[in-house]
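Asker: Right, I'll just put the structure down here and ask away after.
The values are calculated or read from the model by the stated rules, or taken from the named source; none is laboratory data. All of these numbers come straight from a predicted model, not from anything done at the bench. Cβ: placed from backbone, ideal geometry, glycine included. Neighbour counts: every protein chain shown.
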Amino acid sequence: YSGKSVMNFISEYIKKIKVKDVKRVPVVVQENTSVYDAIVTLFLEDTGTLFVMDEEGYLAGVVSRKDLLKIAIGNMDIHKVPVGIIMTRMPNIITVGPEDTVYQAAKKIVEHEVDALPVIIPVKKEGDTTSKYKIVGKITKTNITKIFVELGNY
Ligand code: ADP
């Protein structure tokens with residue numbers, strides 16, 4: 001094989017894998033979950049990013065490790081502060097759909113400098129002008145790294 005065709009192979013391979021093929025189960029909390037409980041969840045579930053849903057179960061926001069650390073080192077009572085007031089909120093969440101490629105997801109992770117993306121499907125409700133989104137999975141840097149390792153195993 002020439003170098004060019006090897007690169008073509010890799011390029012085609014990573015564009016063939018879809019988000020739905022590698023997505024993982026997201027850890028989700030409610031907007032009124034306390035920062036304290038969110039931190040406990042982070043440890044118990046062995047994850048770095050929590051996805052936050054509203055009362056109806058739709059995507060409301062994202063909370064990262066550093067979001068929680070920032071509050072924990074401040075003067076706020078982490079038992080009282082809900083994640084809903086510290087999270088990064090919709091519509092500012094970077095997302096992917098199940099049919100997107102892993103390559104598109106990796107590009108978004110790099111461009112927006114985040115660790116994880118929620119995998120979402122839009123739900124248009126009667127009378128609503130904007131869509132709401134169900135969280136059906138997550139794509140993380142760990143996912144992408146595993147695919148990279150698999151490529152190395154060829
Ligand atoms: P950390 O900085 O804790 O290592 P991230 O780099 O993922 O984790 O998060 C950096 C910031 O971006 C945090 O404020 C977080 O709320 C926000 N964030 C994380 N994931 C997303 C996302 N998918 N879309 C938008 N913002 C995000």
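Asker: How many of the residues making up segment 113-149 are loosely packed, with under 11 Cβ neighbours inside 10 Å and within 15 Å of VAL62 (Cβ to Cβ)?
Answerer: Result for segment 113-149: 1.
Asker: Specify the residue that is surrounded by the fewest Cβ atoms within 10 Å (Cβ to Cβ); the eligible residues are those in segment 93-106 that are among the hydrophobic types (A, V, I, L, M, F, W, C), more than 8 Å from the ligand (Cβ to nearest atom) and closer than 21 Å to MET53 by Cβ.
Answerer: Checking each candidate, the answer is VAL96.
Asker: Within segment 48-67, can you find the residues that are buried (at least 19 other Cβ atoms within 10 Å of the Cβ) and more than 20 Å from LYS134 (Cα to Cα)?
Answerer: The answer is ASP67, and nothing else.
Asker: Going by the structure shown, is LYS23 under 15 Å from the mean Cα position of the chain (by Cα) and buried (at least 20 other Cβ atoms within 10 Å of the Cβ)?
Answerer: Here the answer is yes, as LYS23 does meet what is asked.
Asker: Let me ask another. Are there any pairs, at least 6 apart or on different chains, whose C-beta atoms fall under 6 Å, with the first in segment 99-119 and closer than 11 Å to VAL22 by Cβ and the second within 8 Å of the ligand (Cβ to nearest atom), and if so, which?
Answerer: Pairs that qualify, where the first residue is closer than 11 Å to VAL22 by Cβ and the partner is within 8 Å of the ligand (Cβ to nearest atom), are ALA105/LEU117.
Asker: How many residues does segment 26-47 hold that are farther than 17 Å from ILE85 by Cα and surrounded by 16 or more Cβ atoms within 10 Å (Cβ to Cβ)?
Answerer: Count: 5.
Asker: Of everything in segment 59-89 that's touching a Lys or Arg at 6+ places or on another chain (Cβ under 9 Å) and free of Cβ contacts under 8 Å to residues at least 40 places away in the same chain, which residue is farthest from the ligand (Cβ to nearest atom)?
Answerer: Of everything passing the filter in segment 59-89, ALA60 is farthest from the ligand (Cβ to nearest atom).
Asker: Among the numbered conditions (1) closer than 23 Å to LYS108 by Cα; (2) touching a residue at least 40 places away in the same chain (Cβ under 8 Å), tell me where THR33 comes up short.
Answerer: In the conditions (1) closer than 23 Å to LYS108 by Cα; (2) touching a residue at least 40 places away in the same chain (Cβ under 8 Å), THR33 misses (1) alone.
Asker: Would you say ILE71 is modelled with pLDDT of 95 or more and of a type in the set (Val, Ile, Thr)?
Answerer: yes
Asker: Under the condition of being of a type in the set (A, V, I, L, M, F, W, C) and touching a helix residue (DSSP H, G or I) at 6+ places or on another chain (Cβ under 7 Å), which residue from segment 107-124 is nearest to the ligand (Cβ to nearest atom)? Explain how you work it out, then say what you get.
Answerer: Of segment 107-124, the ones of a type in the set (A, V, I, L, M, F, W, C) are 109-110, 114, 116-117, 119-121, 123.
Retained after the next criterion (residues that are touching a helix residue (DSSP H, G or I) at 6+ places or on another chain (Cβ under 7 Å)): 109, 117, 119.
Working: ILE109: 8, LEU117: 5, VAL119: 10 Å.
The selected residue is LEU117.
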